[in-house]
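Take a look at the structure set out below.
Bear in mind that the values in this text are calculations on the coordinates, not laboratory data. Nothing here was measured: the structure is a model prediction, and the numbers come from that model. Here the Cβ positions follow ideal geometry from the backbone for every residue, glycine too, while neighbour counts run over all protein chains shown.
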2 protein chains.
Amino acid sequence: MAVLSLAAADGELRFTELRRAMAGVSQKMLSQTLKALERDGLVSRRVEASNPPRVHYRLTELGATLVPPLRGLREWAERYMPLVQEHAAG
Amino acid sequence: MAVLSLAAADGELRFTELRRAMAGVSQKMLSQTLKALERDGLVSRRVEASNPPRVHYRLTELGATLVPPLRGLREWAERYMPLVQEHAAG
């Protein structure tokens, strides 16, 4: 989700902007996710020396390679999850 | 993984055949996964009245729609996970 939000932004996003784009995701979950994505080389982080400092996130080249398969999965979910939920409801 | 193994089989697979195709997946994990996939309408189950009874699994039409995006994700992982692991190793 964070990867796709950053891809849609096509540039940098701040933490608050990311949170707004990802309704329902807690602050803690988002910051853990970003830390993992950064550790894995999929997202880069730039700290602006303002007061208070501002943190900007961006997809790396490696991160950008993950966008097409994630978009494919999201498109599948948007189209078929209603059918899956019907089945699950029994 | 189970979905892709069933897709590769292009027909029915028995539990033991699925387990063999999915190295490292425990019996418990595989049976929970198959139950969830069946509940969600992605996999169908046929019990052959032999002694002991034999259970065969197959992708449903809905399940088959999930194969392309899952293949896309697997191809991404096969190609880029080495790079991600390099980053994660720091």
Original post:
Counting alpha carbon pairs within less than 8 Å and at least 6 residues apart, what relative contact order, in whole percent, applies to chain A?
Top reply: 30
Original post:
In nm, to one decimal, how far is the modelled label at B:Ala7 from the one at A:Gln85, with both set 7 Å along Cα→Cβ?
Top reply: 2.4
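Sum -39500 (n - 2.57) across every DSSP H segment of at least 4 residues in the protein assembly as shown, then divide by the residue count to get the 222 nm mean residue ellipticity, nearest 500.
Values: 10 runs with 112 residues, N = 180.
Calculated from helices alone, the mean residue ellipticity at 222 nm is -19000 deg cm²/dmol.
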Original post:
Sorted from largest down, what three extents in whole angstroms do the Cα atoms of the protein assembly as shown have along their principal axes?
Top reply: 74, 35, 25
**OP:** Treating the angle as unsigned and between 0 and 90°, give the value, to the nearest 10°, between the Cα long axis of helix B:27-39 and the longest Cα principal axis of chain B.
**Re:** 70
Original post:
Where does the range B:17-90 land on the Kirkwood hydrodynamic radius, alpha-carbon pairs, in angstrom?
Top reply: 14.8
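Can you sort A:Arg19, B:Arg54, B:Arg79 so the residue with the fewest Cβ neighbours within 10 Å comes first?
Lowest count first: B:Arg79, B:Arg54, A:Arg19.
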**OP:** Could you check which residue among A:Ala36, A:Ala49, A:Ala21 shows the biggest mean-square fluctuation in a GNM of chain A with a 10 Å Cα cutoff?
**Re:** A:Ala49
Original post:
At what distance in angstrom do the alpha carbon centres of the range B:29-59 and the range A:38-57 lie from each other?
Top reply: 47
Subject >> Förster radius 30 Å - calculated FRET efficiency between A:Arg74 and B:Val47, Cβ distance, rounded to 0.05 >> reply: 0.25
Subject >> Backbone N under 12 Å from the B:Arg54 label point (7 Å along Cα→Cβ), restricted to the range B:1-44 >> reply: B:12-17
